[in-house]
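Presented below is the structure to which this report refers.
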Amino acid sequence: MSDPTLRRPGWARQRDEGEVLVLSFSPSTFTLEIDGKPTLVFQTKWQGDADELCRDWVKSHWDQLVSKDRYGNDLPPIVKVRMARSTEKSAYDAAAESAEPFRDVKMVRLATATEQQNEQDRGKPHIR
């Protein structure tokens, strides 16, 4: 039988006499792809939270994301949420402090993060 307390962080469960197990989870890093291009990187604890956050972000930026076909019809973007790759996680780590929050979650635009990383790299000596 599965214990429902194992599914939520911060819940405590009595194991033995006087011993309490407290579970906590660290955030995962996710990437929002728009039309096949990694666009945003952010962190949440749950995949469901990531999906909901991306849905809300896409709705609030819909006018910027929709393109027109040659007849003037709206072409909705193809949107996908996935786990971030290591380079995307690095970009998030480098730019998270200056990221603009959306619903209290820091959302890093990958083009911005890449530009910031390039600026930092310009100041460093290159080792060959």
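No lab work stands behind these numbers, since they all come straight from the coordinates. Everything numeric in this text was worked out from a predicted model, so none of it was measured. All Cβ positions, glycine included, derive from the backbone under ideal geometry; neighbour counts span all protein chains shown.
For the reader, a short list of remarks on this structure follows.
- Cβ-to-Cβ counts within 10 Å put PHE30, PHE102, PHE42, PHE25 in ascending order as PHE25, PHE102, PHE30, PHE42, the fewest first.
- Segment MET83-ARG109, extension gain: residue separation times 0.36 nm, minus the distance between their alpha carbons: 7.8 nm
- Cα-based Rg of the stretch 29-122 normalised by 2.2 N^0.38 Å, two decimals: 1.14
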